[in-house]
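Read through the structure below, which is laid out as structure tokens, and then see the notes.
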């Protein structure tokens, strides 16, 4: 048959097991229960076990990488949360750095213990970050991105110029009591963040937040105070990012200007763009890929950030949905080619 | 006091030169070109290469780098931004990503650093009212004024300038009367890149060709834009004068370490009082409804 005359299209059909396991009958067979449970349980089981296995088998370097992953994953999720409510942040490093510096300063100058500096840093970072950016929330679109991009860089210049908080040398902080606390506090925080963000965004409150991201005029017309809702989302997201910052401070025993660096602003964006946005799982997948890419490419030094940005551009231009939605679709549906009638 | 006036003027013009290219593209096509700092650095870098590696005379290398950057800006629009035009998030990611890519590749190339610099247009300095002022600063004031005059004339009295203004007012209406929005946006990206090179050629001779310079330029372009109002040339000039004179005054009257604090406070203050900037056209949420 002449190939050119035949029109073919792709047809996507839900897998039988996906359809069957969509309701209560999933409980009737082990196959369906594992179909539902495994993809959800395996990543978290791995996350909980990895530090244990790695540390006990003597790979303490890689065990630390898992902690860094948890920190980056939280940053990526907080970025995704902001994006859902229509705030495109290019300065996640602002929140990260604020949290980092507040906890280090309280620890270093006032000798607060670590279990107080971490929450204080998270809340303080969220309050300050929200206060700095509150004005821009009245504007829509790209304005938020511009201001958030400029803010962390300005803060770096201010600290450099005034020698405030240690200037270019930074502030030292005490370490976590031992590795297990560091690992399991960060992993617990990551898991709590993941599930609470997901729950939050599927509640009514989250529905409004997502609606603001899509059409703020419609939300205003429904009699909802868009500005105030945006403040709430910003507070929660910056709190998560500042919390990540405090963890990093105590992990590295140091808060410095590098906390405000562009790398911490770009990594969350790249994670979400690569992993796919919308349900936070993509953010985590993206940050997994980037964390391990970072370790693998350690020799490249500053060129790493060039590679992330290139990868980000490629994904934004060519593979727009990201990796996770693709995997999710293949897991639920199969594709076949059919003739166009 | 005379020194404060003249140095403040030069500083303000410098900031206005830096900010105008960013604001020009944003005002016309609505694209926030976060690769602006990279264009600035790339322009300076190409001029340096043409001047020192190929041994061309300075004026030729300056024109060469301007032309190349026009092409690069246009290509970036055609092959990257145009594909995702209108999707704000993707636009931000693409321009930002390409900007960082260019900047970091230049950092890795090893051609950037404190021993690389561009020559002044006219070396030396003149004395005005007993104060020595480098010729380069005077040239910045001159070029800045000339550039704003040209931009003003072009956007008011030429067909292409009127088309630009139509685009900036309402892109859909401009489309409906037969203006090619992609061509105009491409042109605006190219011109934006050229403005970045002009700023680079003016400013780099005062210092060095450094990677931090690229990020500084982006910050200052954003700061002036946020303060004065993006997309409005009057706003850019006013914003540049406020920051320029505030910085010069703090540096001479207090000490230079407070310069960035003043800039930072100015921006925070303006964001609280009038988030769209002093002359901003960016509408606030309530106004749109």
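Every read-out reported here was derived from the displayed coordinates using simple, explicitly stated rules and does not represent laboratory data. Keep in mind that what you see is a predicted model, and the values were worked out from it rather than measured. Every residue, glycine among them, receives a Cβ derived from its backbone with ideal geometry; neighbour counts consider all protein chains shown.
See the values below:
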| quantity | calculated |
| --- | --- |
| Cα centroid of the stretch A:264-332 to Cα centroid of the stretch B:236-273, whole Å | 38 |
| Order of B:226, B:126, B:270 under a 10 Å beta carbon neighbour criterion, fewest first | B:126, B:270, B:226 |
| Relative contact order (%) - criterion: Cα under 8 Å, at least six apart; region: the stretch A:44-264 | 41 |
| Neighbour-count order for B:167, B:189, fewest beta carbons within 10 angstrom listed first | B:167, B:189 |
| Burial order of peptide ranges A:243-249, A:259-265, A:182-188 (average beta-carbon count within 10 Å, highest first) | A:243-249, A:259-265, A:182-188 |
| Peptides ranked, highest mean first, by Cβ atoms within 10 Å: ranges B:16-28, B:86-98, A:193-205 | B:16-28, B:86-98, A:193-205 |
| Crossing angle, helix A:114-133 versus chain A [Cα axis fit, 0-90 degrees, rounded to tens] | 80 |
| Sequence ranges B:240-248, A:297-305, ranked by mean other-Cβ count within 10 angstrom, highest first | B:240-248, A:297-305 |
| Ranked list, fewest to most other Cβ atoms within 10 Å of each Cβ, for A:216, B:216 | B:216, A:216 |
| Length gained when the stretch residue A:116-residue A:22 is fully extended (0.36 nm per residue, less Cα-Cα span) | 29.4 nm |
| FRET efficiency, 1/(1 + (r/R0)^6) with R0 22 Å, evaluated for residue B:176 and residue A:217 via beta carbons | 0.45 |
| Per-residue mean of C-beta atoms belonging to partner chains within 10 Å, peptide B:102-108 | 5 |
| The stretch B:72-125 - convex hull of alpha carbons, volume per residue in Å³ | 137 |
| Separation between Cα centres of the stretch A:13-56 and the stretch A:97-146, rounded to whole Å | 37 |
| Sequence-separation-based contact order of chain B, relative, with Cα cut under 8 Å and 6+ spacing, percent | 34 |
| Shape call, the stretch A:156-267: gyration tensor on alpha carbons, a/c limit 1.5 | oblate |
| Nearest 10 degrees, 0 to 90: helix A:143-162 Cα axis against chain A principal axis | 30 |
| P(r), alpha carbons of chain B - 5 Å bins starting at zero, rounded % | 1, 6, 11, 16, 19, 17, 14, 9, 5, 2, 1, 0 |
| Inter-chain shielding of B:210-221 (mean C-beta neighbours from other protein chains, 10 Å cut-off) | 2 |
| nm² value of the averaged projected area, convex hull over the Cα atoms of the stretch A:242-303 | 4.8 |
| Helix-derived mean residue ellipticity, 222 nm - over the protein assembly as shown, DSSP H n ≥ 4, -39500 (n - 2.57), to 500 | -23500 deg cm²/dmol |
| Averaged over A:316-323, number of beta-carbon atoms from partner chains that fall within 10 Å | 3 |
| Helix A:303-317 vs. chain A, principal-axis angle (Cα, 0 to 90°, nearest 10) | 40 |
| Inter-probe distance in nm under a simple model that places probes 7 Å from Cα toward Cβ, at residue B:116 and residue A:33 | 6.4 |
| For the stretch A:185-331, alpha-carbon Rg over 2.2 N^0.38 Å | 1.17 |
| Rounded, prolate or oblate (a/c below 1.5 giving rounded, otherwise prolate when a/b exceeds b/c) for the stretch A:97-173 by Cα gyration tensor | oblate |
| For the protein assembly as shown, the fraction of alpha-carbon pairs in successive 20 Å shells from zero, as % | 18, 50, 27, 5, 0 |
| Rounded, prolate or oblate (a/c below 1.5 giving rounded, otherwise prolate when a/b exceeds b/c) for the stretch A:44-264 by Cα gyration tensor | oblate |
